[in-house]
1. Could you state the accessible area per residue of the range 204-254 in Å², with a 1.4 Å probe and every protein chain left in place?
2. With a ≥ b ≥ c the root eigenvalues of the C-alpha gyration tensor of the range 21-135, is it rounded (a/c under 1.5), prolate (a/b larger than b/c) or oblate?
3. For LYS122, list the lysines whose Cα falls under 30 Å from its own Cα; do not include residues on the same chain fewer than 8 positions away.
4. Would you please put 33-46, 274-287 in order of how densely packed they are, using the mean number of other Cβ atoms within 10 angstrom per residue and starting with the highest?
5. Using θ = phi - 60° and the Karplus curve 6.51 cos²θ - 1.76 cosθ + 1.60, what whole-Hz ³J(HN,Hα) does each residue of the range 225-235 get, with Gly and Pro shown as x?
6. In the structure displayed, which of LYS9/LYS372; LYS80/LYS211; LYS77/LYS372; LYS77/LYS228 lie more than 26 Å apart, Cα to Cα?
7. Which ³J(HN,Hα) values in Hz, rounded to whole numbers, follow from the phi angles of the range 312-317 under the Karplus curve 6.51 cos²θ - 1.76 cosθ + 1.60, where θ = phi - 60° and Gly and Pro get x?
8. Ordered by packing density, taken as the mean number of other Cβ atoms within 10 Å over each peptide's residues, highest first, how do 262-273, 337-348, 223-234 rank?
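The values are calculated or read from the model by the stated rules, or taken from the named source; none is laboratory data. Only a predicted model underlies this, so the values are computations on that prediction, with no experimental measurement involved. All Cβ positions, even for glycine, are placed from backbone atoms using ideal geometry, and neighbour counts span all protein chains on display. For the accessible areas, the whole protein counts, side chains as well, though only heavy atoms, and no ligand, DNA or RNA atoms are used. Shrake-Rupley method; radii C 1.70, N 1.55, O 1.52, S 1.80 Å.
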Amino acid sequence: MLKISKPMKEKENLYRRIILFGVAIAMLALYFEKILWIFGLVLNICMPFLIGGGMGFVLNTIANNLVRMVCFAGKRKENKAIRFFANVGAIFVIVALLLVFALIVVPRVASSMQTIIAVMPKTIYNLYHWAYYASKPVPLVHSWLRTLNADLGNISSMIDSVLQWVVSGNVSEIVGSVYSVVSNTFSILFSSLIAIMFSIIVLFHKKTVVKEGHVLMKAYLSGAHYKKTIHVLQLVRNTFTNYISGTCTECLILGTLVIAFSSLFRMPFAFLSGILVGIGALIPMFGALCAAIISALFIAIESPMQGVYFMILFVCIQQVEGNFIYPNVVGKSVGLPPIYVMVAVTLGANLAGVIGMVLFIPVFSCLYQLIKEDAKGRLERREYLESEYENE
């Protein structure tokens, strides 16, 4: 029987992989649109389960924190009863947050927006008069402003017409027929229900899901690939857990500080400003700053100088939060250098909008850690081989 040497087997495997890779590239180029359509269809079908898995991950993170708190306070080990009540407590935490948002946050924000809309005509009128008298040294601008009929009645009617267009916007043209509205609403509600049920099932059967996953990986992966896969999954879990908990804590602290100090200095729309800054802080790097600028513009509608004072206050709060609170609360939870954070935010914004900006940072962090570990291992192996060659 003819025996094939090991180098020949390696070359054969290499050629086989090259041929398969070339065939895959050719199929992708020829049937790109169909493959993209099939991928979109599969993603749309799996979307409720992906959202449910994400919700289950968040619930599990809250439940783990509750378990640690109970075990630390009672000085006992985790058992089934503690885990069950922690899972129930995590669901109650999410429900309580949603109720607080619906019953307290939304009415306060709506009231602030009504006040902003009510004082906007007078603010625009005052701004027009200021620009009219300030533009006297520039005859072209001054004459153009004189042609505008900017009294309070016209400004109010213009704002009302704009708001009506935004709210209605020719509903029949934008939204479509009543059937499409009903079907889309039913589809969204059904998908949301499936996602919620799936997240609860995953939460209460986490051990079963993890155990079956380990069994499948052991059955279909080699020992080295199994260990590598477990390492990657643990890295993803730790990175996303630290990022979610740290970022949410930072947003809560920053929003609370803005509300507290804005109320202390009696600035208008303090609650709305704190909510906007807290939500904006979910977007890394410049999200909180953009939200603060929007809040300052809202405040400037009622009092321009108060808007300037708010920006000064926000800069002071952000300096204190960034230098003292953020390193202790969030720290290096994702372990990603600032330059790669910028790259992750830019790519996430272009590919998936605001959600991509938030999610791409932990994804990039996982890739960064894996590449760093692989590069370190390759360098160590190269140094070992070089030392062995020198010794020979």
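1. Values: 3520 Å² over 51 residues.
I get 69 Å² per residue for this part.
2. On the way: a/c = 3.50, a/b = 1.20, b/c = 2.92.
In terms of gyration-tensor shape, oblate.
3. LYS136
4. Values: 33-46: 10.3, 274-287: 20.1.
Peptide ranking by packing, descending: 274-287, 33-46.
5. 5, 5, 5, 5, 5, 4, 5, 5, 5, 5, 5
6. Values: LYS9/LYS372 31 Å; LYS80/LYS211 16 Å; LYS77/LYS372 36 Å; LYS77/LYS228 30 Å.
In this structure, LYS9/LYS372; LYS77/LYS372; LYS77/LYS228 lie more than 26 Å apart at Cα.
7. 5, 4, 5, 4, 5, 5
8. Values: 262-273: 18.9, 337-348: 15.5, 223-234: 12.0.
Put in order of decreasing packing, that is 262-273, 337-348, 223-234.
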